[in-house]
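The values are calculated or read from the model by the stated rules, or taken from the named source; none is laboratory data. Worth saying up front: this structure is predicted, and the values here are computed from it rather than measured. Every residue, glycine among them, receives a Cβ derived from its backbone with ideal geometry; neighbour counts consider all protein chains shown.
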Amino acid sequence: MTVLLKQLFSRPLFAVELLAVSLCIHLLGLASSIYVIQVLNRYVSHGLDSTLVTLTTGVIIAVIMEFGFRQVRMKLAQGVTVRPDYQLGVRLFERVITTRSGSLDRLGPASQREIVASPGVVGRIHSPANLVALMDVPFALVFVGVLFLVQPPLGWVASGFLILAFLVSILGHPFLRGLLKEHSVASAEVSALGGSSMRAADAVRAFNAAGFLLHRFRDRHAGAIHVQRRIEARRELIQTAAQSMGALMSVFVIAEGARLVVAGQMDVGLLVGANILASRAMAPIMRFAQLGAALAEARRAMETLGSFSRLPLERAGGAQVKNFSGRLELKEIAFAHDDGSDPLFESLTLILPPGSSMVVSGANGTGKTSLARILLGLLEPTRGQILVDGVNLDQLSLAWWRRQIVYLPQEPEFIEGTIRDNLIAMNPEWSDEGMNVAIAEAGLAKFLHDSPKGLDTPLINGGTHLAMGIRKRLALARALGGEARLAVFDEPLEGMDLPGREAVTTVLARMARLGRSVIVFSHDATLIRGADLILNLDRKPVPELRIKAPRAPENSP
């Protein structure tokens, strides 16, 4: 509710226009009550048909005008809500692509889905229809004010029930927010189970995991349904309470009005009209009560987005090193995960001269991929410095730095789109000729030739439907999109067939001949033998570094 009102008053001109149109709508809404009073008091008493025709014509005109004003108000409300919805979605996406990768790692799949879905939830609830419903609430005072003019006792009766109905609606929101949070967690677990079962369909069947998953799904699904039923019961309680207030208000208005009629202080026409006025006053409160669950859901979504927005962003801006040579120095680098586990490595110090190669070896879980991501600036070390040609990486532009690196990750990930989209994402100006050279060098030409759509083949679900070897080849071709001075390959031979392994080793050999600095994370004996430096992460806590005689590039004098 607060966000909707902020959206409204962030554009003062629209707010004034909406308020003015709303006032006209509710003033015109008085016509039906006045019509009933006049028909009962004037036409029924005197029986003049011309009076009935005049009154009926007038109220029809008022109804048509009210309808027109409501359409105008809805258009104005759309102007208030559409732009914030668009901006919210864009801001979220900007956050998603600029938040530190290490922070995103700590978000589970369920939390990630909830965050991505939150702008849709907010947009659906913070709709123009709900905005005008909220705006109608204070205008209930128009009808109450007329009631006070008709008979103050009736105004006081209506005011009391309106206040009670409004309080019931407001006080129910906090209870709904708690249940909605619980339901969000339960639904996310159900969704995660369903999604993982579809992605790992072969594993579910091959390892007879269907019974285990079905038991877990039943438990989670039952919990989600139970919470949903509690939400529905609470929502129904709030709405029923508000409706009961409306019914009781009508009873007391009629009872008090009847007493006043008997006392000769008002007539029957005024009594019927007063009851209509009281019902019109209660209508916005009733609708507000119906919005309670939706507004609580929107607030929950906004809280989710607020928590996500507080995650640290990647560093923006920074310096650049002119003519980067490929020299890299690590000083006292240490890294440990935030879960309190022991450091993967510490006091890591080394110098990688320009044009030299290093192999980082170690068993699974020793920190090879973490170190690769640290070098890319995707993770931040617990302490220590990375120097690029003597300049601290913390002072450099991350965008510039990543353009200096040919990066092949251990687990290739791709954006939603075609193969062409993924190849040119890093280098939009990459020519078809240069792309075809990289495709051939990565050993991907045959696969694309055999694919009916070639480069326009869509990558479904980030390319997970492709064999690992093809994904590695595609990632290798993507990595070759720039002329970088440093190559970082993480387990490049893993999942590759013999032609794929040959393609990777050929690329590495070419880079070595060109004097590029190369860092390979692997335990492959062939790669280890050809390296100038060998870093062993199996040695804890300080890795073991072995240095061989540097190898001069073939094109050096």
Original post:
Just a yes or no: is a residue in segment 338-355 without any contact (Cβ under 8 Å) to a residue 60 or more places away in the chain, buried (at least 20 other Cβ atoms within 10 Å of the Cβ) and assigned by TED's automatic domain parsing to the domain that holds residue 528?
Top reply: no
Original post:
Only one residue in 95, 70 is under 30 Å from residue 301 (Cα atoms), in the same structural domain as residue 134 (by TED's automatic domain parsing) and out of contact with any Leu (no Cβ under 8 Å at 6 or more places or on another chain). Which one?
Top reply: 70
Subject >> Residue among 395, 404 that alone is over 30 Å from the mean Cα position of the chain (by Cα) and closer than 27 Å to residue 459 by Cα >> reply: 404
Original post:
What about residue 499, is it over 36 Å from the mean Cα position of the chain (by Cα) and more than 25 Å from residue 358 (Cβ to Cβ)?
Top reply: yes
Subject >> Of all residues making up segment 216-252, the number that are out of contact with any helix residue (DSSP H, G or I) (no Cβ under 7 Å at 6 or more places or on another chain) and among the aliphatic types (A, V, I, L, M) >> reply: 6
Original post:
Would segment 526-540 turn up any residue that is under 16 Å from residue 407 (Cα atoms), modelled with pLDDT under 90, surrounded by 14 or more Cβ atoms within 10 Å (Cβ to Cβ) and of a type in the set (Gly, Ala, Ser)?
Top reply: no
Original post:
Just wondering, is there one or more residues in segment 158-174 that are closer than 28 Å to residue 95 by Cβ and either surrounded by fewer than 17 Cβ atoms within 10 Å (Cβ to Cβ) or in contact with a helix residue (DSSP H, G or I) (Cβ under 7 Å, 6 or more places away or on another chain) (or both)?
Top reply: yes
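Has segment 54-68 got any residue that is farther than 30 Å from residue 22 by Cβ and not charged (D, E, K, R)?
Just the residues of segment 54-68 that are farther than 30 Å from residue 22 by Cβ, to begin with: none.
Checking segment 54-68: not a single residue is farther than 30 Å from residue 22 by Cβ and not charged (D, E, K, R).
Yes/no per residue for (1) over 20 Å from residue 33 (Cα atoms); (2) over 43 Å from the mean Cα position of the chain (by Cα):
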residue	(1), (2)
234	yes, no
238	yes, no
243	yes, no
251	no, yes
265	no, yes
271	no, yes
275	no, yes
281	no, no
Original post:
Which of (1) without any contact (Cβ under 8 Å) to a residue 40 or more places away in the chain; (2) in contact with a strand residue (DSSP E or B) (Cβ under 7 Å, 6 or more places away or on another chain) is the odd one out, the single condition residue 372 does not satisfy?
Top reply: (1)
Subject >> Filter pass, residue 487 being in contact with a strand residue (DSSP E or B) (Cβ under 9 Å, 6 or more places away or on another chain) and touching a residue at least 12 places away in the same chain (Cβ under 8 Å) >> reply: yes
Original post:
If you check residue 100 against the conditions, is it surrounded by 14 or more Cβ atoms within 10 Å (Cβ to Cβ), touching a helix residue (DSSP H, G or I) at 6+ places or on another chain (Cβ under 7 Å), closer than 30 Å to residue 377 by Cα and charged (D, E, K, R)?
Top reply: no
Original post:
Within the set of pairs 6 or more residues apart or between chains, which connect a residue that is more than 20 Å from residue 270 (Cα to Cα) and at pLDDT 90 or above inside segment 43-69 to a residue that is of a type in the set (Val, Ile, Thr) and surrounded by 13 or more Cβ atoms within 10 Å (Cβ to Cβ) with Cβ atoms less than 6 Å apart?
Top reply: 66/25; 69/21; 69/25
Original post:
Between a first residue in segment 378-400 that is in the same structural domain as residue 484 (by TED's automatic domain parsing) and a second residue that is among the hydroxyl-bearing types (Ser, Thr, Tyr) and not in a strand (DSSP E or B), which pairs have beta carbons less than 6 Å apart while being 6 or more apart in sequence or on different chains?
Top reply: 378/101; 389/325
Original post:
Would you say residue 12 is touching a residue at least 24 places away in the same chain (Cβ under 8 Å) and more than 30 Å from residue 150 (Cα to Cα)?
Top reply: no
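For segment 91-133, which residues satisfy the criterion of being β-branched (Val, Ile, Thr) and either in a helix (DSSP H, G or I) or at pLDDT below 85 (or both)?
Of everything in segment 91-133, those that are β-branched (Val, Ile, Thr) and either in a helix (DSSP H, G or I) or at pLDDT below 85 (or both) turn out to be 96, 97, 98, 115, 116, 121, 122, 125, 132.
Right, residue 241: exposed (fewer than 14 other Cβ atoms within 10 Å of the Cβ), assigned by TED's automatic domain parsing to the domain that holds residue 167 and either of a type outside the set (Val, Ile, Thr) or not in a helix (DSSP H, G or I) (or both) or not?
no
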Original post:
Can you name the condition, by its number, that residue 252 falls short on among (1) over 16 Å from residue 159 (Cα atoms); (2) modelled with pLDDT of 90 or more?
Top reply: (1)
Subject >> Which numbered condition residue 191 misses (of (1) more than 20 Å from the chain's Cα centre (by Cα); (2) farther than 30 Å from residue 261 by Cα; (3) assigned to a helix (DSSP H, G or I)) >> reply: (1)
Subject >> Evaluation of residue 509 against (1) touching a residue at least 12 places away in the same chain (Cβ under 8 Å); (2) under 26 Å from residue 535 (Cα atoms) (one fails), failing number >> reply: (1)
Original post:
Do we have any residue at all in segment 524-546 that's in a helix (DSSP H, G or I), among the small types (Gly, Ala, Ser) and in contact (Cβ under 8 Å) with a residue 60 or more places away in the chain?
Top reply: no
**OP:** Return a yes/no flag: does segment 208-227 have any residue that is under 43 Å from the mean Cα position of the chain (by Cα), surrounded by fewer than 15 Cβ atoms within 10 Å (Cβ to Cβ), closer than 30 Å to residue 282 by Cβ and among the small types (Gly, Ala, Ser).
**Re:** no
Subject >> First in segment 159-171 and among the β-branched types (Val, Ile, Thr), second anywhere and modelled with pLDDT under 90, Cβ under 6 Å, 6 or more apart >> reply: 168/241; 168/242
